[in-house]
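**Student:** What follows is a structure written as structure tokens; I'll ask about it next.
The values are calculated or read from the model by the stated rules, or taken from the named source; none is laboratory data. Model, not experiment: these values are computed from the prediction. Don't worry about glycine lacking a Cβ; one is built from the backbone with ideal geometry, like all the others, and counts go over all protein chains shown.
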Amino acid sequence: MAALNINGKTVEVNAPPEMPLLWVLRDLLHLRGSKYGCGIAQCRACTVHVNGEATPSCVLPIAALDGKAKVVSIEGLKGRVADAVQAAWVELDVAQCGYCQAGQVMGAVALLRRNPKPDDAAIDDAMSAHLCRCGTYARIRAAIHLAAQRLK
């Protein structure tokens, strides 16, 4: 049994310590917003926040969370920055197929919490690990800028 703090609640899961967080979220807790894309932390469709940092969950064993880490999935994402990012995503019609978008949003929120006024280079640097098969990178960057403007 492992005790995890997921979206502000302590949950007990019966899972081996080496089980990746992504599978705990999706299969045991039925939180399916984070997607499996590659299984090797190369696409970031599985991104969640661990103690506020954007983290790929597909390679993170639950043992690494050691009961102290606070995990937020897309289902638990909230607050002023999250609201601004999600509104910008909708307004600019960022999603095409949508598969990567939970991870993209998680990455964008983490970026804006660290750097509320990112330039293009900062956005590109922070978001470069997030792959979008549909190529909506220009809309993603524009949405991050729009969210940043609204947070002033």
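**Student:** Mind checking whether some residue in the range 100-114 is crowded, with 22+ Cβ neighbours inside 10 Å, in contact with a strand residue (DSSP E or B) (Cβ under 7 Å, 6 or more places away or on another chain) and either among the polar types (S, T, N, Q) or farther than 30 Å from ALA3 by Cβ (or both)?
**Tutor:** no
**Student:** For ALA148, all conditions in the list (1) touching a Gly at 6+ places or on another chain (Cβ under 9 Å); (2) surrounded by 18 or more Cβ atoms within 10 Å (Cβ to Cβ); (3) more than 23 Å from LEU31 (Cβ to Cβ) hold save one; what is the number of the exception?
**Tutor:** In the conditions (1) touching a Gly at 6+ places or on another chain (Cβ under 9 Å); (2) surrounded by 18 or more Cβ atoms within 10 Å (Cβ to Cβ); (3) more than 23 Å from LEU31 (Cβ to Cβ), ALA148 misses (1) alone.
**Student:** Condition check: touching a residue at least 40 places away in the same chain (Cβ under 8 Å), assigned by TED's automatic domain parsing to the domain that holds CYS38 and of a type in the set (A, V, I, L, M, F, W, C). Does LEU65 satisfy that? Working first, answer last.
**Tutor:** Numbers: touching a residue at least 40 places away in the same chain (Cβ under 8 Å): yes; assigned by TED's automatic domain parsing to the domain that holds CYS38: yes; of a type in the set (A, V, I, L, M, F, W, C): yes.
Yes.
**Student:** Give all pairs with beta carbons closer than 7 Å in which a residue from the range 15-34 that is over 14 Å from ALA64 (Cβ atoms) meets a residue that is of a type in the set (Val, Ile, Thr) and part of a helix (DSSP H, G or I); count only pairs at least 6 apart in sequence or on separate chains.
**Tutor:** Listed by first residue and then by second, the contacts come to GLY33/ILE74; SER34/ILE74.
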